[in-house]
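Okay, structure first, notes after.
The values are calculated or read from the model by the stated rules, or taken from the named source; none is laboratory data. Remember, predicted model here, so these are calculated numbers, not experimental data. We place every Cβ from the backbone using ideal geometry, glycine too, and count neighbours over all the protein chains shown. Only protein heavy atoms, including side chains, enter the accessible area calculation; ligands, DNA and RNA are left aside. Shrake-Rupley method; radii C 1.70, N 1.55, O 1.52, S 1.80 Å.
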Amino acid sequence: MSPDAPLISNLSVWENVALIQQYHQGYSGTTAHALTLQHLGMLRCESVAMKRNPELRDEERFRVMLLRAAMMNDVLVIDRPFLIIPNMADAGFMFENLEVLENLFTECFIFDYESHRSKYTTYDTETHRT
């Protein structure tokens, strides 16, 4: 997941995510659609399924990009997340969504700028408090 690999603008959210399932896991369009809606529901953003990238708020775009990336491999790599969600005060939002999708990947690596270090240290992953 990276700001350099955006959602495909002429596809809806569900199509962006289902595309991964169809081409990487060989799922039918119907199965991929159903699984995508299920996962969007887990992230509490099923209402964006028919929207396209330009219509999304930063938080919605982040969740969709995270879901799409988590569907690709067992190893999830997140590159500069605060370029996607620039108004977030800390990493809490990201960690909460990672927790929802934790069954889709085995490892997660986050690469970010040194200047964002404080956004990670103010969030307690054990108690889920800032």
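Give the relative contact order (percent, whole number) for the chain; include only Cα pairs under 8 Å separated by 6+ residues.
26 percent
With a 1.4 Å probe and all protein chains left in place, how much accessible area per residue does the chain have, in Å²?
With all protein chains present, the chain gives 55 Å² per residue.
Got a sec to turn the phi values of segment 95-103 into Karplus ³J(HN,Hα) couplings, 6.51 cos²θ - 1.76 cosθ + 1.60 with θ = phi - 60°, whole Hz, x for Gly and Pro?
With coefficients 6.51, -1.76 and 1.60, one gets 5, 5, 6, 4, 4, 4, 9, 4, 7 Hz.
Tell me, what is the FRET efficiency for M88 and S28 to the nearest 0.05, using R0 = 25 angstrom and their Cβ-Cβ distance as r?
The pair M88/S28 has a calculated efficiency of 0.10.
May I ask you to compute the full-extension gain from E96 to N73, defined as 0.36 nm times their residue separation minus their alpha-carbon distance, rounded to one decimal in nm?
Residue separation times 0.36 nm, minus the Cα-Cα distance, leaves 6.3 nm.
Is it possible to state the helix-based mean residue ellipticity at 222 nm for the chain, with each DSSP H run of 4+ residues giving -39500 (n - 2.57), the sum divided by total residues, to the nearest 500 deg cm²/dmol? What is it?
Only helices count here, giving -12000 deg cm²/dmol.
Enumerate the amide H contacts of R80 below 5 Å, restricted to partners 5 or more residues apart or on another chain; note that Pro and chain-start residues carry no placed amide H.
It is F111, D112, by chain and number.
Just to check I understand the Karplus step: with θ = phi - 60° and J = 6.51 cos²θ - 1.76 cosθ + 1.60, what whole-Hz values come out for segment 21-36, glycine and proline as x?
Taking θ as phi minus 60°, the curve returns 5, 5, 8, 8, 10, x, 6, 5, x, 5, 5, 4, 4, 4, 5, 4 Hz for segment 21-36.
Rg(Cα) of segment 37-114 divided by 2.2 N^0.38 Å?
1.05
For the chain, set up a Gaussian network in which alpha carbons nearer than 10 Å are linked by springs, and say which option among I85, I20, I110 fluctuates the most.
Maximum among the listed residues: I110.
Spin-label point model (7 Å from Cα, Cβ direction): what's the S2 to E55 distance in nm?
Each label point is offset 7 Å from its Cα along the Cβ direction, giving 2.9 nm.
With the full set of protein chains in place, find how many percent of the accessible area of segment 21-130 is carbon and sulfur; take the probe as 1.4 Å.
The nonpolar share, carbon plus sulfur, comes to 50 percent.
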